Amino acid sequence: MTVADMNRLEQAARISMGEFQDCEASSAPLAPAPYAVPHLVVLALAAVIVLAVLFH
């Protein structure tokens, strides 16, 4: 396979992926993953531990 063939394949792939992504762009975007939830749980547990230590 020559470099020119590889360039044509790459260009064709980009064009077809561009069309695929255009179809996806019209659909509703997905909600972001809730990365803050585990952090809030850890923070709440730490607060409970601190309060328990303070009251004992």
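The values are calculated or read from the model by the stated rules, or taken from the named source; none is laboratory data. Since the model is a prediction, treat every value here as computed from it, not as a measurement. FYI the Cβ positions are ideal-geometry reconstructions off the backbone, even for glycines, and counts take in every protein chain you see.
Taken over segment 1-40, the criterion of being modelled with pLDDT of 75 or more and in a loop (DSSP other than H, G, I, E, B) is satisfied by Thr2 alone. Any residue at all in segment 44-53 that is exposed (fewer than 10 other Cβ atoms within 10 Å of the Cβ) and at pLDDT below 80? No, there is no match, as no residue in segment 44-53 is exposed (fewer than 10 other Cβ atoms within 10 Å of the Cβ) and at pLDDT below 80.
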